[in-house]
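Presented below is the structure to which this report refers.
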């Protein structure tokens with residue numbers, strides 16, 4: 001009994017939140033890694049691009065709510081995803097046409113493209129703040145919980161409750177669907193194969209008749225889908241605030257590099273590595289040990305390895321360690 | 001002289017712009033902008049040394065700036081004796097443990113061959129060290145933070161003159177850069193950018209959350225100043241006389257004695273704030289000029305030529321027997337030290353240390369825009385970049401407001417779009433800086449004042 005309680009406690013406070021947060025990071029990390037692998041630059045506008053897509057979802061959700069459209073028990077924001085993705089892809093392609101393509105054709109060094117993406121970051125941030133402002137916004141509606149702690153306690157008779165938020169299940173479910181479709185696309189279809197070929201060896205791919213413009217276009221389309229869905233899921237789970245999205249760029253980069261940049265499958269796993277590390281290292285295990293150990297041995301302190309203030313610092317430290325010892329990432333598995 | 005003509009032209013335009021602000025807004029604002037321009041110029045020079053001379057991309061500027069600011073607190077604030085008595089000894093032991101850890105790891109690395117045994121040994125040293133640190137520091141930190149938490153709650157500093165902290169700031173930042181450089185300089189350019197950005201975040205989060213060190217997010221206010229205080233100036237006779245002489249023509253027009261006295265008081269208050277800012281501007285200008293002379297000399301010395309050779313072709317330079325790794329590390333440390341000075345200058349100017357305000361947007365990306373816009377590899381360009389971009393950053397809101405009013409003048413005052421735009425005028429600074437960067441990168445990739453190679 002005590003053991004079940006301890007497991008439920010961990011599940012409730014660490015594993016479920018980590019899986020959710022990890023999924024959100026994973027989507028962003030695949031976005032970073034695709035851009036890096038195919039367009040060959042570190043995109044510093046990542047967080048703001050995710051924020052841009054989410055902004056449309058927020059605005060459309062408010063609009064739908066005002067005209068009385070809802071999605072029943074599910075959040076209305078899910079209905080807005082196609083529109084938000086459309087706007088996002090349109091914005092990305094515009095930016096690509098007017099900004100990035102010039103440097104790509106000129107074959108500028110990646111550093112220059114990264115600096116250009118800093119410029120794009122400024123502009124995107126300005127547009128977002130001018131349109132929606134810098135404030136915190138919540139746009140979650142519908143049913144908030146699938147399972148409440150009290151219900152769980154009644155059901156099982158345990159003293160520890162388990163809360164399952166609908167956003168947690170939605171995030172994990174949607175991530176799995178989106179990511180599996182994407183991997184199927186990259187590995188099984190002809191376009192996906194041509195993208196992988198372009199990423200591995202540009203010259204050879206061009207020689208074998210792959211149209212670079214098409215590859216770039218498809219890359220931005222996939223990136224737009226990932227960025228928007230990742231951003232919306234994060235916003236539903238926590239809240240939408242432009243500054244937080246900009247900051248999320250950092251753990252997303254960490255996830256992409258931990259997984260081996262340019263490798264989408266690694267990035268996917270990297271997201272979870274970062275999320276689990278952040279949450280497991282900052283969780284206070286006092287109650288957990290109180291369940292497991294006999295009373296005499298119960299700890300007095302919080303049994304917290306690091307204070308939650310250092311959440312971000314943990315993912316960055318992991319990144320620094322990975323860069324030092326395995327610069328090509330910890331998952332040297334399939335490349336795209 | 002002729003080769004400097006565009007430098008002179010660009011600088012005169014900048015000075016005229018600042019004077020225009022003085023005339024149309026107020027001299028106090030103009031001097032505030034000038035001071036920040038000078039601080040930005042120092043930061044930009046530091047980043048420019050790394051990027052322009054050696055091609056190293058360092059996105060960790062925020063971290064060095066914060067360390068420079070920390071130096072001001074640790075050097076100039078008077079020590080909190082109560083806190084030292086309660087927890088100082090334990091904290092000293094902690095520092096000793098950290099040093100011992102580093103040395104024992106280095107010893108293990110040197111003496112034992114690469115093997116599993118060595119890895120386990122290092123891991124156990126780290127774990128034992130962290131446990132010891134935890135046990136010793138926790139009670140000490142608690143007791144330090146409980147000493148008058150509203151006012152102090154930290155160890156305080158050394159109580160030395162504040163100007164000394166600028167040098168200490170340079171050493172702090174340089175020391176951190178040495179460690180980061182040892183770790184990360186072998187990375188590819190974009191990896192280095194990301195790694196330095198994240199390491200800077202770690203540094204700032206440590207400064208933010210270790211309250212025993214510098215009060216963290218509770219901020220340290222009322223730092224010492226190398227310039228006189230406004231309140232003291234307003235009661236100093238020579239200063240009042242000076243203001244009276246300066247404005248004598250204006251004052252004589254007022255007949256009533258009490259009215260004249262009131263007018264004089266107001267003028268003295270205004271003048272005191274201008275005087276203090278002028279003092280700061282003078283000090284910052286001295287720093288900028290010294291740094292400019294040194295960097296200029298360095299750029300055209302054999303060492304500068306070597307750096308450019310390494311930047312342009314690493315393999316060739318190392319084939320010629322130049323130690324690329326060593327030179328990269330050296331320039332990384334030097335550039336970061338300059339940024340550290342700027343961080344200390346900024347905190348001195350503000351008189352307060354607010355770790356919560358160190359954000360990558362303001363302290364890394366804007367500085368990089370300055371470097372790119374001004375001209376990479378050109379010290380005059382770096383200073384100009386600091387001036388231009390900071391000026392835009394500050395004056396963007398008034399400029400945007402002017403254009404919004406111009407374009408929406410046909411709309412009624414109650415129009416929602418107009419109200420929304422006017423309320424978000426301050427965000428146009430991101431737009432202006434971003435578009436400025438994109439335009440410069442596209443049409444003048446070497447910056448306003450491009451690098452000049454003088455053939456000896």
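Go through (1) at negative phi; (2) assigned to a loop (DSSP other than H, G, I, E, B); (3) surrounded by 15 or more Cβ atoms within 10 Å (Cβ to Cβ) one by one and return the number of the condition residue B:409 breaks.
All conditions are met except number (3).
Just the residues that are surrounded by 18 or more Cβ atoms within 10 Å (Cβ to Cβ) and over 26 Å from residue B:281 (Cα atoms), please, taken from region B:419-439.
Step one: filter region B:419-439 for residues surrounded by 18 or more Cβ atoms within 10 Å (Cβ to Cβ), giving B:421, B:424-425, B:427-434, B:436-438.
B:421, B:424, B:425, B:427, B:428, B:430, B:431, B:432, B:434, B:436, B:437, B:438 - these are the residues of region B:419-439 that are surrounded by 18 or more Cβ atoms within 10 Å (Cβ to Cβ) and over 26 Å from residue B:281 (Cα atoms).
Taking only region A:148-169 into account, find how many residues are in contact with a helix residue (DSSP H, G or I) (Cβ under 7 Å, 6 or more places away or on another chain) and part of a helix (DSSP H, G or I).
The total comes to 2.
Kindly indicate whether residue A:111 is modelled with pLDDT under 90 and assigned to a helix (DSSP H, G or I).
On the way: modelled with pLDDT under 90: yes; assigned to a helix (DSSP H, G or I): yes.
It is true that residue A:111 is modelled with pLDDT under 90 and assigned to a helix (DSSP H, G or I).
For residue A:276, indicate whether it is in a helix (DSSP H, G or I), modelled with pLDDT of 85 or more and within 11 Å of chain B (Cβ to nearest Cβ).
Values: in a helix (DSSP H, G or I): yes; modelled with pLDDT of 85 or more: yes; within 11 Å of chain B (Cβ to nearest Cβ): no.
Against the criterion (in a helix (DSSP H, G or I), modelled with pLDDT of 85 or more and within 11 Å of chain B (Cβ to nearest Cβ)), residue A:276 does not qualify.
Determine, yes or no, whether residue B:158 is within 14 Å of chain A (Cβ to nearest Cβ), touching a helix residue (DSSP H, G or I) at 6+ places or on another chain (Cβ under 9 Å), in a loop (DSSP other than H, G, I, E, B) and surrounded by fewer than 18 Cβ atoms within 10 Å (Cβ to Cβ). Write out each step before concluding.
On the way: within 14 Å of chain A (Cβ to nearest Cβ): no; touching a helix residue (DSSP H, G or I) at 6+ places or on another chain (Cβ under 9 Å): yes; in a loop (DSSP other than H, G, I, E, B): yes; surrounded by fewer than 18 Cβ atoms within 10 Å (Cβ to Cβ): yes.
Judged against the criteria, residue B:158 is not a match.
Is it fair to say residue B:445 is at the interface with chain A (Cβ under 9 Å from one of its Cβ atoms), farther than 23 Å from residue B:17 by Cα and not in a helix (DSSP H, G or I)?
The answer is yes for residue B:445.
Taking residue B:366 as meeting all but one of (1) closer than 30 Å to residue B:164 by Cβ; (2) outside the structural domain of residue B:396 (by TED's automatic domain parsing), write down the number of the exception.
Exception for residue B:366: condition (2).
Let me confirm something: among A:260, A:271, which residue is surrounded by 22 or more Cβ atoms within 10 Å (Cβ to Cβ) and within 13 Å of chain B (Cβ to nearest Cβ)? Lay out the reasoning, then the answer.
Numbers: A:271 fails: within 13 Å of chain B (Cβ to nearest Cβ).
Matching residue, one of A:260, A:271: A:260.
Quick one: in region A:106-151, which of the residues that are more than 7 Å from chain B (Cβ to nearest Cβ) and on the phi > 0 side of the Ramachandran plot is surrounded by the fewest Cβ atoms within 10 Å (Cβ to Cβ)?
A:107
Could you say whether any residue in region B:337-360 is more than 22 Å from residue B:63 (Cβ to Cβ), within 14 Å of chain A (Cβ to nearest Cβ) and surrounded by 19 or more Cβ atoms within 10 Å (Cβ to Cβ)?
Taking every residue of region B:337-360 in turn, none turns out to be more than 22 Å from residue B:63 (Cβ to Cβ), within 14 Å of chain A (Cβ to nearest Cβ) and surrounded by 19 or more Cβ atoms within 10 Å (Cβ to Cβ).
Name the residue, out of A:14, A:33, that is more than 13 Å from chain B (Cβ to nearest Cβ) and in a helix (DSSP H, G or I).
A:14
Do we have residue B:69 as buried (at least 22 other Cβ atoms within 10 Å of the Cβ) and touching a strand residue (DSSP E or B) at 6+ places or on another chain (Cβ under 6 Å) here? Break it down stepwise before answering.
On the way: buried (at least 22 other Cβ atoms within 10 Å of the Cβ): yes; touching a strand residue (DSSP E or B) at 6+ places or on another chain (Cβ under 6 Å): yes.
So residue B:69 passes the test.
Would you be able to tell me the number of residues in region A:307-333 that are in a loop (DSSP other than H, G, I, E, B) and facing chain B (nearest Cβ under 10 Å)? Let's see the steps before the verdict.
Going through region A:307-333, the residues in a loop (DSSP other than H, G, I, E, B) turn out to be A:307, A:326-333.
From what's left, facing chain B (nearest Cβ under 10 Å): A:307, A:327.
Residues that pass the stated criteria total 2.
Within region A:79-103, which residues are surrounded by 16 or more Cβ atoms within 10 Å (Cβ to Cβ) and either at the interface with another protein chain (Cβ under 9 Å from one of its Cβ atoms) or farther than 25 Å from residue A:229 by Cβ (or both)?
Across region A:79-103, the qualifying residues are A:99, A:103.
Sort out which residues of region A:139-169 are within 16 Å of residue A:54 (Cα to Cα) and at pLDDT 90 or above, and write them in order of number.
Taking region A:139-169 as the starting set, the residues that turn out to be within 16 Å of residue A:54 (Cα to Cα) are A:139-141, A:167.
The one that is within 16 Å of residue A:54 (Cα to Cα) and at pLDDT 90 or above: A:167.
I'm checking my understanding of the structure. Among residues of region A:282-308 that are surrounded by 19 or more Cβ atoms within 10 Å (Cβ to Cβ) and in contact with a strand residue (DSSP E or B) (Cβ under 9 Å, 6 or more places away or on another chain), which one is farthest from residue A:325 (Cα to Cα)?
Per the criteria, the residue is A:285.
The values are calculated or read from the model by the stated rules, or taken from the named source; none is laboratory data. These figures come from a predicted structure and were not determined experimentally. Reconstructed Cβ throughout: ideal geometry from the backbone, glycine too, with neighbour counts over all protein chains shown.
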